[in-house]
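A.B. asks: I am attaching a structure below and will ask some questions about it afterwards.
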Amino acid sequence: MNLFDLAVRAIDIASKVKATFNTVMAPSAELEQRIDRIPAQLGQSGVDAFGFDPQYLKKVFGLAVWFYRSYFRAQAFGIENIPDGRCFIVANHSGQLPFDAAMLTVAAFVEREPPRYLRAMLDRFIPSTPFVSVFLARCGQILGTQENCKRLLEAQEAILVFPEGVKGLNKTWDARYQLQRFGSGFIRLALETNTPIIPTIVIGAEEQAPAFANLEWVGKLLGIPALPVTPFHPLIPGLGLFPMPTRYRIYFGKPLNFSGDANDDDTIISEKVEQVKQTMQQMITAGLSQREHVFW
């Protein structure tokens with residue numbers, strides 16, 4: 001094969017890749033209709049107070065659905081446990097990159113009728129990240145402050161919370177499926193706003209990009225909270241964190257309702273946090289026992 005033939009072959013492959021990408025990104029009529037049903041409180045500019053733009057979502061959500069259905073081949077269980085009104089979806093976190101957050105959002109949106117669109121609470125370092133912060137805002141995700149969360153709960157939104165935070169996302173292989181320390185802010189807000197908590201777990205994300213170490217001190221020098229070491233990262237920066245096609249199994253548990261004072265002593269609040277954590281750990285154990293293989 002001469003250089004001309006190679007060039008023609010390369011152009012043909014590039015055209016096919018582009019056509020496939022365009023097909024994946026293009027939203028189906030059904031997906032567009034579901035997005036139009038999102039009950040967002042939009043201003044005259046077509047976005048809400050936090051920058052959420054459903055029309056922008058139409059341009060990118062097709063890719064998330066492709067990852068859900070074709071790449072991770074995700075299965076969702078207990079989708080009926082997500083209520084119609086305000087709620088906290090409290091989930092475990094893992095995988096080095098937050099594909100679990102995207103897949104949880106897709107599950108609640110495409111598997112449930114009527115669809116629920118989850119609004120995720122972001123760590124404080126993310127909004128300072130160029131490009132990524134704008135993208136996430138347009139997709140409806142917001143900085144996880146108490147004030148922001150209360151405003152969305154008052155609007156009857158479904159809020160996605162990862163109480164493990166970055167410690168969960170960047171856990172190492174030896175700590176897989178072991179829940180890390182939970183923050184308590186979601187419990188105080190649930191008590192203050194009478195919001196049910198849906199304990200939720202993801203099976204499959206822990207293996208998508210296994211980390212054997214976490215160079216936190218190097219990450220801090222770079223202005224990021226963690227620097228996981230995987231078989232290909234940081235050898236291949238960024239791309240070394242791309243997930244393997246593990247199979248996702250997502251379980252939405254029965255709602256937990258708590259009563260009490262949001263200003264209770266930390267000891268009392270911690271007991272409620274521990275109840276949520278134990279429920280989720282039991283769900284993880286059950287989910288792992290039902291799984292036959294990581295990839296199918």
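The values are calculated or read from the model by the stated rules, or taken from the named source; none is laboratory data. Everything numeric here is computed off the predicted structure, so don't read it as measured data. Glycine gets a Cβ as well: all are built from the backbone with ideal geometry, and neighbour counts include every protein chain shown. The accessibility values were calculated without ligands, DNA or RNA, using every heavy atom of the protein model including side chains. Shrake-Rupley method; radii C 1.70, N 1.55, O 1.52, S 1.80 Å.
A.B. asks: Taking region 25-54 as the region of interest, how many residues are of a type outside the set (Asp, Glu), free of Cβ contacts under 8 Å to residues at least 24 places away in the same chain and more than 22 Å from LEU143 (Cβ to Cβ)?
C.D. replies: Looking only at that region, the number is 3.
A.B. asks: Going through region 153-168 one residue at a time, which ones are in a helix (DSSP H, G or I) and surrounded by fewer than 17 Cβ atoms within 10 Å (Cβ to Cβ)? Working first, answer last.
C.D. replies: Our first condition is that a residue be in a helix (DSSP H, G or I); within region 153-168, this holds for 153-154, 166-168.
Within region 153-168, just GLU154 meets the criteria.
A.B. asks: Can you run down the residue pairs with Cβ atoms below 7 Å, 6 or more apart or on separate chains, where the first is in region 158-178 and closer than 20 Å to LEU288 by Cα and among the β-branched types (Val, Ile, Thr) and the partner is open to solvent by 30 Å² or more (accessible area, probe 1.4 Å) and part of a strand (DSSP E or B)?
C.D. replies: The qualifying pairs are THR172/ALA213; THR172/ASN214.
A quick yes/no check of all residues on (1) open to solvent by 20 Å² or more (accessible area, probe 1.4 Å); (2) over 17 Å from the mean Cα position of the chain (by Cα):
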| site | (1), (2) |
| --- | --- |
| ARG138 | yes, no |
| LEU143 | yes, no |
| GLU147 | yes, yes |
| ARG151 | yes, yes |
| ASN170 | no, no |
| GLN178 | yes, yes |
| ALA190 | no, yes |
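A.B. asks: Mind listing just one residue for me: the one in region 42-71 that is loosely packed, with under 13 Cβ neighbours inside 10 Å and part of a loop (DSSP other than H, G, I, E, B) and, of those, modelled with the highest pLDDT?
C.D. replies: Taking region 42-71 first, the residues loosely packed, with under 13 Cβ neighbours inside 10 Å are 43-46, 69-70.
So of that shortlist, the ones also part of a loop (DSSP other than H, G, I, E, B) come out as 43-46.
Details: GLY43: 75, GLN44: 71, SER45: 77, GLY46: 82.
Result: GLY46.
A.B. asks: Sticking with this one: Quick one: in region 242-267, of everything that is under 18 Å from PHE99 (Cβ atoms) and of a type in the set (A, V, I, L, M), which residue is most open to solvent (accessible area, probe 1.4 Å)? Explain how you work it out, then say what you get.
C.D. replies: Of the residues in region 242-267, the ones under 18 Å from PHE99 (Cβ atoms) are 242-252.
Filter once more, keeping what is of a type in the set (A, V, I, L, M): 244, 250.
Details: MET244: 79, ILE250: 0 Å².
The qualifying residue most open to solvent (accessible area, probe 1.4 Å) is MET244.
A.B. asks: A further question follows. Can you tell me which residue among ARG124, ARG112 is over 14 Å from the mean Cα position of the chain (by Cα), in contact (Cβ under 8 Å) with a residue 12 or more places away in the chain and under 22 Å from GLY238 (Cα atoms)? Show your work before the answer.
C.D. replies: On the way: ARG112 fails: under 22 Å from GLY238 (Cα atoms).
The unique qualifying residue is ARG124.
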